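What follows is a single structure, written as structure tokens, with notes after it.
The values are calculated or read from the model by the stated rules, or taken from the named source; none is laboratory data. Nothing here was measured: the structure is a model prediction, and the numbers come from that model. Neighbour counts are summed over all protein chains in view; Cβ atoms, including those assigned to glycine, are modelled from backbone coordinates with ideal geometry.
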């Protein structure tokens, strides 16, 4: 088994895990939102934790969904140039997209970790038993998953948005 196949196998698994977790976060946000509506308008006793839970779940959902978008080739798109170019220019565009995406995700990983570390003693309003680490760690975790997906996209390019574009 080649190193390329090993990397793609790891990428496939990590992107599947990130996608599954992103879907789970959508379910958590939907259930917390439903509870918020019921508690506020039916029971007349709003729960202060539900809005914060929705917000944090949606943040996690977005950052965990980014790897799938990278892997499908849907994040940075130069459609017209990509469609009209030959194989050499397409490969150059793949490398350009790889390097810019890599730079962005490394910055998010670095600053996300730094921000998470700095707020480790700050509690979440409405969820005082949790620290802000739980909210802000979505950035470095999502960026780490994205880095693997970006590498997978470079090794095995997919362009789903081009396949379905009209």
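The single condition among (1) surrounded by 15 or more Cβ atoms within 10 Å (Cβ to Cβ); (2) at pLDDT 95 or above; (3) more than 14 Å from the chain's Cα centre (by Cα) that residue 150 does not meet is (3).
Of the listed requirements (1) at pLDDT 95 or above; (2) in contact with a strand residue (DSSP E or B) (Cβ under 7 Å, 6 or more places away or on another chain), residue 54 misses just one: (2).
Close contacts from the stretch 107-136, counting a first residue that is within 18 Å of residue 53 (Cα to Cα) and a second that is part of a helix (DSSP H, G or I) and modelled with pLDDT under 90, with Cβ to Cβ under 6 Å and a gap of 6+ residues or different chains, come to 126/48. The criterion of being part of a loop (DSSP other than H, G, I, E, B) and touching a helix residue (DSSP H, G or I) at 6+ places or on another chain (Cβ under 6 Å) holds for residue 74. Of the conditions (1) surrounded by 13 or more Cβ atoms within 10 Å (Cβ to Cβ); (2) within 13 Å of residue 54 (Cα to Cα), residue 34 fails just one. Which one is it? In the conditions (1) surrounded by 13 or more Cβ atoms within 10 Å (Cβ to Cβ); (2) within 13 Å of residue 54 (Cα to Cα), residue 34 misses (1) alone. Counting only residues that are under 17 Å from the mean Cα position of the chain (by Cα) and either exposed (fewer than 15 other Cβ atoms within 10 Å of the Cβ) or on the phi > 0 side of the Ramachandran plot (or both), the stretch 94-114 holds 6 of them. Being loosely packed, with under 13 Cβ neighbours inside 10 Å, outside any loop (DSSP other than H, G, I, E, B) and either touching a helix residue (DSSP H, G or I) at 6+ places or on another chain (Cβ under 6 Å) or at pLDDT below 95 (or both) holds for only one residue in 13, 83, and it is 83.
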